[in-house]
Each structure stands twice: as structure tokens, then as C-alpha cells.
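The values are calculated or read from the model by the stated rules, or taken from the named source; none is laboratory data. Quantities reported herein were computed from a predicted structural model and do not represent experimental measurements. We place every Cβ from the backbone using ideal geometry, glycine too, and count neighbours over all the protein chains shown. Quick note on the areas: whole protein, heavy atoms, side chains included, nothing else; ligands and nucleic acids left out. Shrake-Rupley method; radii C 1.70, N 1.55, O 1.52, S 1.80 Å.
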Amino acid sequence: METYQIRALSFTYPLREKPALKRIELTVKQGEFVTICGKSGSGKSTLLRHLKTMLTPHGTREGEIFFEGRPLEECDQRTQAAGIGFVLQNPDNQIVTDKVWHELAFGLESLGLESKTIRLRVAEMASFFGIQTWFRKNVTELSGGQKQLLNLASIMAMQPSVLVLDEPTGQLDPIAATDFLGTVKKINCELGTTIIMTEHRLEEVLPLSDRVVVMDQGKIIIDDTPQRVGERLKGMQHTLFWAMPSPVQIYAGVDSDLPCPIAVQDGRKWLNALPLNGRSFEVPAAQCNQGTAPRSKTGPPPAIRLEDVWFRYERDLPDAVKDLSLEVAVGQFYSIVGGNGTGKSTALAIIGGILRPYRGRVHIFGRDICRKGAAKAREEVLNRVALLPQNPQLLFVEKTVELDLYEMLAGAQLSREEKKQKVQAICELTELDGLLKMHPYDLSGGEQQRAALAKVLLREPKILLLDEPTKGLDGHFKFKLADVLKKLTAEGVTVVMVSHDIEFCARYAAVCALFFDGGIITQNTPRAFFSGNNFYTTAANRMARHIFPAAVTIEDVIEACRNSL
Amino acid sequence: MKDAFSTFHPVVNFTYFTAVLLFSMFSLHPVFQAISLTCSVLYFFLLGGQRATRFSLLYLLLFGLFMAVINPAFNHAGVTILFYLKNGNPITLESILYGLASAAMFMAVIMWFSCFNIVMTADKFVYLFGRVVPALALVLSMALRFVPRYRVQIRVISTARQGVGRDVTNGSVFERARNGLQILSMMATWALENAIETADSMKSRGYGLPRRTSFSIFRFDRRDRAVCGVMLLLVSVVFAGAITGSSTMRFFPSLKLPPPNVFSSGVYCAYLALCLLPVIIDLLEELKWKRIKSGL
Amino acid sequence: MQEQPLNAGRPGRRTFIAATLLALVIPGTILFGVFCLGDRKYYFISLLIMLYSMLPFALVFERRRPEARELLVVAVLAAIAVAGRAAFFMLPQFKPVVAIVIITGVCCGAEAGFLVGAVAGFVSNFFFGQGPWAPWQMFSLGVIGFLAGILIKRGFLKKERLPLCLYGGFSAFFIYGGIIDCGSLLMFTPYFSWPALLTVYVSGFWFNVVHAAATVFFLFVLSRPLIEKLDRIKIKYGMLES
């Protein structure tokens, strides 16, 4: 039986000319795991929101949607509320009450179940999701990953037959995301619930999916198995191909008659099956070991130098940053990777002069900003440093993007004409032109990120600090971001980035450092850094390391394969 | 020591505090006041520990003293005139005693409220309201979750603004206030815009369907029934005493206490038992654990 | 889904019954208090009357089964009013509560204004400790929000900066300060006299002046942006007063 049958669905938002959805035809069978992918603004979320009438946006609509054989509009609210589970992106926003147990029971209360049934269902779900240990906690005490699991559990308590997830891991760190996706797969396998999900982390989702639907500009362009999607995207020369998992991209770059691998382990098997001649992959020596070049005494001082820095938030709390030393040269793109809660963001705030260490020195362009009585030097130096926070929404003040950009120049001694020029230049760089009249909160996640970046860049910083700038961005915007950063470093701007996005760091950073337990454990060029790591490395390296240990990026592996075939 | 009384059903907790607070506010009778004040301090000591008690007591004594002095300055009723103020108004013994009595009452009420704050946690309130006004209970529950979340957000926004060179921690009072307002305004946008998704999540989970039920993890069990029975019994005895005048004392124009008799001493005992109820429950629990442990 | 139309704005039969009940119950309470409660009559009569006056709001709100977004607007604004204090950690005695309650009343109507005020008063007591003053706070904040909504609707107040500031200063000083000070007098001195009330007002004068000044300042700076934000939310999602 079909869970959903969508026939010729078109939709246009009010006051827009271009339709958001164009004649969508889609059938989802019971128990299927369907992943929908596409660029931001391709209509994925709009399509998902049509799957439940309570969430359907206002606008003009044509076509039909059938849910379990009946037209969706004819299914009453109660059936839809229980039968169709919906998980949204932001874990915090979906939680309604202040207690975990109450949140689990919320949907069941709405359905009007009696206490006894609710007790049973809640207990069941708490056990299934392993949340009985935080059952009585306040919601505030949970981590982001736990919150999203709670959202999932409180929906599953209503025993839906289909689960719709709209980028559910967009706000989670990699470990929590893997955990979450594993749980979704478990629900799919063990309870037989149909899964329809949009996701940026294709690397992890594609191996779990039965089918992949690719959307572009409101249309479905591909509806196929994960194995075939890569090839077809490649055949179409579609930019979305670069968002495919590393094994798929590598497979597409190498000639072979074998089936396409999706997961890393399949990739290894595929590599083993290739008739390789055993030629190893060499990297030019110049690309190794640049990270810790000895500092010349005579040259210009490094942009950032931290010496034995210690920091804690309160006297009674444990140290957040311990014995941290690092050096970043002018114009370098320095990236810091590492687990959650290791103090990376704190370190960034110390470099930004927002937090003050209780021991150690922080030199910015050779000037110590922590010394007592260095208030003026500190202020001068800090005017050249800007920090882009994890959540771009933290920077929005005004009601349009344009006003928000001008707000950044409010204190500057500039004529109106000069300001205008600056704003225009930044808009060009970050491609904000069409969005200037919009409210910042009406932008999509990727657009918000760019608007925030534009704001920060208007300060014309000499040092740019980025906290997880690729979080929630799709592959397309990551390219753009990388371009912007390249331009900046070419102009001599120093960039320090904290990120979970290993692929991004490996591809674009000049130096990668591993942060652990409040300090930097090791740092090196990406090539040397990732080929030496076992777990903290790119998917391409994990796939090919048993044959080509030095190959880090997808291009490396493809080149290595081509050389030895 | 872990408080056993707060593990009882919210209805029991709430009824208890309502009764004790009402009696404390009503009666200016010295025996009643002594019982109420002592028991509230004792219970707070069990709940909050030595340091908290010492701090509150010090603070309260000062305030109580102030009230005891202020009262005779404005209240000149009473027959026993001690001396005259410069402006010709008399200071009377009655008004001094009355001031002391109201100071004691004030202290007892505050102490009971301090206990109340520890025992009656927010989720118990949400539960109690959920029975009578479910929509408002939900509003309360959401607001209770939002307040800490917004406070964190305010801090995060302020840090983020520092990161782009908008420092809030220095400048004149006016500048700081302006900066604070800017942050508040940013937080308001963030909160309102993000709440839309919460509304979606609520609708998606069927909020607004008719016949909504209310679930809780509290259960009214035998032990709750027993304590409730004892409590009601004591309350009715004390109430009977109050009606017949055992708990009232006349201050003006002259002091007059009702003569003690068998019934009134019974009422005092009942009031003592009522005020000591949580302490007794805690002690019984402690004894039980001691016994279980020694039995092992 | 909805069993009854949302006609809370118009006085219906229910409101009439509630009004008659109140008309009977309030004098009843006063009589009971005067004859039975002796010394403590002022405190309990005022407390009970306050509770009675808050009850209809709660009941009307419950009976019309508000939508999710209405609940959220009330909860969010009340929480902003309480948490807003944290934005002024460097300036003690700077509380935005009254300003936010007024803006709610102005934008979302008298009912929302009352509810946000009362809920904010109640919730703030959870974070700063419940006390016997809680009902007075809830009541006075609720009245401020309610009046703001009524005055806007009747046209006595405009969504402009100056009138709002005037109303803000007035309500913070007289309504909030007046009710709270009166409450604290009744709470702890078991009798009532005009000179005593005057003393309480005099001793709280500067406190109330600062509060009123802060409220005026808040409204001066914040009223326009906040009203814009609320109007945007209302338009975007068709909330309240539709």
C-alpha cells in the first residue's frame, strides 16, 4: 500500500510569481525510507509541509495528495495528528513544555488519551529511545542532540505510520547527528514506519535510504536508488553531484564496471575489487609539515600568537581552555577541528578579545591584549578582529537586510556615498543582491549565514574568526563560502575557523589543528594532518587509506586510482 | 537530609501551605505565633540547611525589628501610655506589643513562603493549574521554559555583539542602557520568530483537537490520603478554635487574652501538630530508613 | 475542529452571568470580611477581590479554547518581560516588565495585555521567590496591560511614542507602585490608616520614580521597534485580533 501518492502538485506562495513546486509526482510506499535532496530553496521543505495539512503554507495549490489511499484534505485532524509525525530542523523550537516527561505526553494529551494509556506509551518510547535516565529532567538541561531525540520520541509516542523529517540534523554536531540518524533507521527497520526526510548530510543518509529524490527549482529531476542517483547527477553535470558522498564521487571519477558504492565500507570493497597495480600515491614534499614552521625572529609578527593560555568561566568551574598555545601567520587560513565541548568556541572568543584568560598571553599583531593597562591597545587591535557566531541570527538587529548592513557602519566616519559603496561591494561578494529588502528572519538558513558574514565583513577585519560557518549549509553554499574565504586570505586577511566539517577543512584550510581537552593536540597541513589520523579524517581518506594512505581529498583518491589503473 | 514531605502529591503540599499561611496571617495570639514561627524556622532549617536559615533569620530579625518600631510611631491607640513623643502623640504599651506581634507574623509568613518556594516546584504548579485552567497551565509551562532560555540568549547575543565590536560592558549609563535595549530588542525578534516553529510543532501534534486530557506523573496514593485526612482533621480543630475565639487576642484599647481552658489547649496542640507535620513526616521517614539499614 | 466561534470580543450571555456573579460575590466578600475577619479584613477582602477580578480573564481564555499561536504569544511576551531584566545586568532596578506589558496590550488587545501581565508577574515570582506579594504583582501588571488595550481601542491612547511614554510613566508610578505599596501595607500591618498608607507611599517614592523613569525610557526607545515586530508577527501568521 502507498503511504503517500502525490499527483501533479503545484504550489505558489502568495505575492510570488514563480511557483515553489511544479507538477510534483511522487509515490511513497509503506515502510520505505525516502531521502529528498536539493539545494536550499529548491522546494524540499515546501513539499514536506504539504504532507500534513496543519503545516501547509498559504498559497495557491493544484494537484492532489493521497494519504493511505484517501485524499489528504479528507483525513480529519485527529488522524493526521497521530498518523503523520513531523520533525523540524531546530531541536529547541519544537519543544513545548519544560519537563521531558510532559513533552513526551504532549501529543497524547492532545489526542485525548486517558492517563493509563499515556503512561504506557510514554514508558515504551522512553525505553525504546533510551531516555529513561533523563525522564524527569528539565528540558533546559538537555544537549541539542538529546533534545532532537526527545522530539522524535514524543512524536513516535503517537504511533505515526509515517515520519516526515525536515533537515533534522542541521543543528547537531556530527556525533549527535549519526546517533539521530541511526535511531531513525532503527524506527524504519523495527517499527516499519515510513520515513520521508530531507537532509544535507548525504554522506550518512544515502547508505540508509531506499530511494533518493532530487529536487531542483521546484521540480523532481531524479527519483531513483542511491546507487543510480550519483551516476545520473554526474551525467546531468549537476552541481548537486558535489554534495554526493565521497565514495560516489570517487566512483564517478574512475572507470569501472562494478556497482556504485555508497557507504565508506562499500567504497573500500570497491577499491579492493579494482585491478590496481600497486603504485602508491605520493604527495609533493612541499605540501607536508608547514604547520609548525619555525618562527623567524626578524620577520613581521604573526597575526595571532597565544602562549600558555588558561581560561575558566567561573572560579569554581573547571578550566575550559588549558595551556593553549598557537600561532597563525598573517593571511593564513587556520582551521580547528575537534569534538563538542572541548573549548574550541571558547578559544575563539579569547582570540576575539571577548573573554580574558586568567593566565597566559594573547598577542594580536604582536601586541599583548591581556596585559593590564593595555586597554587602548586592546581596543585598537580588537577593531581589526571580527567573530562570526555559530548562529547567524545573533547578529540581526534591523527589519531588513539592507538596514542591518548599514547598522554595521553606524559608528564609522564615512559619507553616505562611501557607505553605500561598501555595502554594495559586500553584497556582490556574498551574493545578497536580491535579498536586501527582505526581513533577515525570512531568509533561508544559508542566506542568513551569508547575510551575517556580510555584516561581519563590513568591519573590514584583518582577522576573521568563524565559528562553524558551514553548519546547516548545503554543498553549493559551501563552495561559495570557500570562494569568499580564498579572496579574503589573498588580500591578507587571517582566517581562523572552528568546524566539525572535516571535508571542508581538508579541502580549503592551510593548517588544520586538533582541539582536545582545552588545548591543541597537534597541527599540520591538511594533507599531513588527515593522513596521520585514523578517525578524525575525511571519508575519502578513510575509504582509501589501506591502499593510498596519503590521499586525503576526493581528488587525491581519484588521481591515485587513475595513476595505478 | 532529603525532604519527604515534598514527595507527596502536589494537592497535599499546596493545601498544607495554604492552611498554614492563612492561619499564620490571621492569628495574632502569642501562642499561635510562637508555634507558627518556630515550626516554620525548623522546617526551613531541614529544607535549606544551617547557612540559609542563619542568613534568612538575620535578615528577617532586622526587618521585624524595624516593623516593631514603626508601628507604635503611627498607632496611638491603647490605654497604657508609656510616654509622649515630641509632637504630642502618645506611645502606648499596646501598640508596641501589637508591633511586635505583627513583626512576628511577618517573619512567620516569610519563613513559610521560603519553605513553600522549595517544596512547591514549578511542575507542581503546572499540574495543579492543569486541572482547572489547562490552557493557562500550558502558557505557564512554556513561559517557565522560555525564561532561562531567553536569559542564555541574552548573554549569547551580548557576546556576539562584542565579537563585532559592540561592547556593552562599558560606556556611560545611558549608553549601557541603550545597548541593553538593543539586545532586548534582538532577543524579542529572535523569540517571536522562533516561537512560530513551536506553534507549528504544537499544531502538528494535535493541539487544539477537542477533548484534550491532562497527564501527570503524580499519583494520589494511600499515603497521600492518610496525610490528607490527618491534615483536614487538624485544620478543622484549629478552625473551630479560631471561630470560638481561642486564637484571637485583643490589643486595643487594652490587652486581653482569652482565658486558657481544656479546649483551647487542645486547639494549641492541634496547631502545633499541623505546623510540625512536615517535620514529623521527615523524622518518621528518617527513622524508617535507620530501621531498614540496621535490619540488613 | 472549533466547536464555537471566537466571539470573545463581544459581551455574550456568559459575560453577563459572570458580571452578575461578581456583583453578588464582591459585596458578599466585603460583608463577610467586615463581620468575621476582624483585624485582617482589609488584607483578605482585597486579596479575594483581586482573585475574583482575575478569574473571568482566565475563564474566558479557557472557554474559547485559544489556538497554539495565541498561547505562544502570551508565553513568549511574558517570558521576555521576565527575562528582559537580564539584558540590564549592569543596571540594577531596570525592569522592562511594565513597558512590555503595555506594548502587548497596545498590539494584541486588552485580554492579551492582561494575561501577559498576570503571567509575567507570576512567572517572575518563580525566579525571584514566591511571596505574599505575588497576587498584587499579577493584578497590577494585568490591569496595566488591560487598560492599555482598552484605551487604544477607545482611542484615548495612540500607538505613538509620546502618549505611550506618558501612559507608561503614569501606570508604573501610580498603578504598579500604588497597588504594590498598598498591598505591602495591608500584608504586614493588620490595620489600615491613611497616614500609614501615606508613609508607605513616601518611603517608596524614589523607588517608584526610578521605576517610572525606566519604563518611560524603555517605551521611548523600544515602543516603535517592538510594535513593528509584533505587527509583523501578527500579519505574517494571522495572529490574534484577526
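The set of residues in segment B:111-126 that are open to solvent by less than 10 Å² (accessible area, probe 1.4 Å) and assigned to a loop (DSSP other than H, G, I, E, B) contains only B:Met120.
The requirement of being free of Cβ contacts under 8 Å to residues at least 40 places away in the same chain, aliphatic (A, V, I, L, M) and open to solvent by less than 10 Å² (accessible area, probe 1.4 Å) is fulfilled nowhere in segment C:103-124; no residue meets it. Screening B:Ser264, B:Ser236 for residues that are assigned to a helix (DSSP H, G or I), open to solvent by less than 40 Å² (accessible area, probe 1.4 Å) and not acidic (Asp, Glu) leaves exactly one candidate, B:Ser264. Where helices (runs of 4 or more DSSP H) fall entirely within segment C:130-216, those with at least 2 residues that are under 19 Å from the mean Cα position of the chain (by Cα), farther than 23 Å from C:Gly84 by Cα and of a type in the set (D, E, K, R) are at C:134-154. Please work out which residue is least open to solvent (accessible area, probe 1.4 Å), limiting yourself to segment A:164-183 and to residues that are under 15 Å from A:Gly341 (Cβ atoms) and outside any helix (DSSP H, G or I). Going through the qualifying residues, I end up with A:Leu172.
Quick check: is even one residue across segment A:534-555 touching a strand residue (DSSP E or B) at 6+ places or on another chain (Cβ under 8 Å), at pLDDT below 90 and open to solvent by 10 Å² or more (accessible area, probe 1.4 Å)? Yes: one or more hits. For segment A:343-367, filtered to residues that are open to solvent by 20 Å² or more (accessible area, probe 1.4 Å) and among the hydroxyl-bearing types (Ser, Thr, Tyr), the residue that is farthest from A:Glu314 (Cα to Cα) is A:Ser345. Kindly provide the set of residues from segment A:195-213 that are buried (at least 22 other Cβ atoms within 10 Å of the Cβ) and not charged (D, E, K, R), ordered by number. Residues satisfying the conditions are A:Ile195, A:Ile196, A:Met197, A:Thr198, A:His200, A:Leu202, A:Val205, A:Leu206, A:Ser209, A:Val212, A:Val213. The criterion of being at pLDDT 85 or above and either assigned by TED's automatic domain parsing to the domain that holds A:Ala560 or open to solvent by 40 Å² or more (accessible area, probe 1.4 Å) (or both) holds for A:Val264. Exactly one residue out of A:Leu481, A:Leu466, A:Leu473 is under 11 Å from A:Ser335 (Cα atoms) and either touching a Pro at 6+ places or on another chain (Cβ under 8 Å) or aliphatic (A, V, I, L, M) (or both): that is A:Leu466. The residue that is modelled with the lowest pLDDT, among those in segment A:52-66 that are closer than 26 Å to B:Ile196 by Cα and surrounded by 15 or more Cβ atoms within 10 Å (Cβ to Cβ), is A:Gly59. Residues in segment B:83-98 include at least one that is crowded, with 16+ Cβ neighbours inside 10 Å, out of contact with any strand residue (DSSP E or B) (no Cβ under 9 Å at 6 or more places or on another chain), aliphatic (A, V, I, L, M) and assigned to a helix (DSSP H, G or I).
When you look at B:Thr80, is it open to solvent by 40 Å² or more (accessible area, probe 1.4 Å) and not aliphatic (A, V, I, L, M), yes or no? For B:Thr80, the condition - open to solvent by 40 Å² or more (accessible area, probe 1.4 Å) and not aliphatic (A, V, I, L, M) - is met. One residue alone among C:Gly155, C:Gly183, C:Gly177, C:Gly168 is more than 10 Å from chain B (Cβ to nearest Cβ), without any contact (Cβ under 8 Å) to a residue 40 or more places away in the chain and open to solvent by less than 10 Å² (accessible area, probe 1.4 Å), and that residue is C:Gly177.
Only one of the numbered conditions (1) modelled with pLDDT of 90 or more; (2) within 30 Å of C:Leu222 (Cα to Cα); (3) of a type outside the set (S, T, N, Q) is violated by A:Ile350, and that is (2). Among the candidates B:Val139, B:Val156, B:Val152, B:Val147, the residue that is open to solvent by 30 Å² or more (accessible area, probe 1.4 Å), on the phi < 0 side of the Ramachandran plot, more than 8 Å from chain A (Cβ to nearest Cβ) and in a helix (DSSP H, G or I) is uniquely B:Val152. Residues being free of Cβ contacts under 8 Å to residues at least 60 places away in the same chain, open to solvent by 40 Å² or more (accessible area, probe 1.4 Å) and in contact with a strand residue (DSSP E or B) (Cβ under 6 Å, 6 or more places away or on another chain) are entirely absent from segment B:19-36.
Would you confirm whether any residue within segment B:209-219 is open to solvent by 20 Å² or more (accessible area, probe 1.4 Å), out of contact with any Ser or Thr (no Cβ under 8 Å at 6 or more places or on another chain), within 14 Å of chain A (Cβ to nearest Cβ) and of a type in the set (A, V, I, L, M, F, W, C)?
Of segment B:209-219, the ones open to solvent by 20 Å² or more (accessible area, probe 1.4 Å) are B:210-214, B:217-219.
Of the ones still in play, those that are also out of contact with any Ser or Thr (no Cβ under 8 Å at 6 or more places or on another chain) are B:210-211, B:214, B:217-219.
Among the residues that remain, those that are also within 14 Å of chain A (Cβ to nearest Cβ) are: B:210-211, B:214, B:217-219.
Restricting the remaining residues to those that are of a type in the set (A, V, I, L, M, F, W, C) gives B:217-218.
Yes, the conditions are met somewhere in segment B:209-219.
Of all the residues in segment B:193-204, those that are crowded, with 24+ Cβ neighbours inside 10 Å and more than 7 Å from chain A (Cβ to nearest Cβ) number 1. Scanning segment A:436-493 for residues that are small (Gly, Ala, Ser) and either open to solvent by less than 10 Å² (accessible area, probe 1.4 Å) or at pLDDT 90 or above (or both), we see that the one that is farthest from the chain's Cα centre (by Cα) is A:Gly492.
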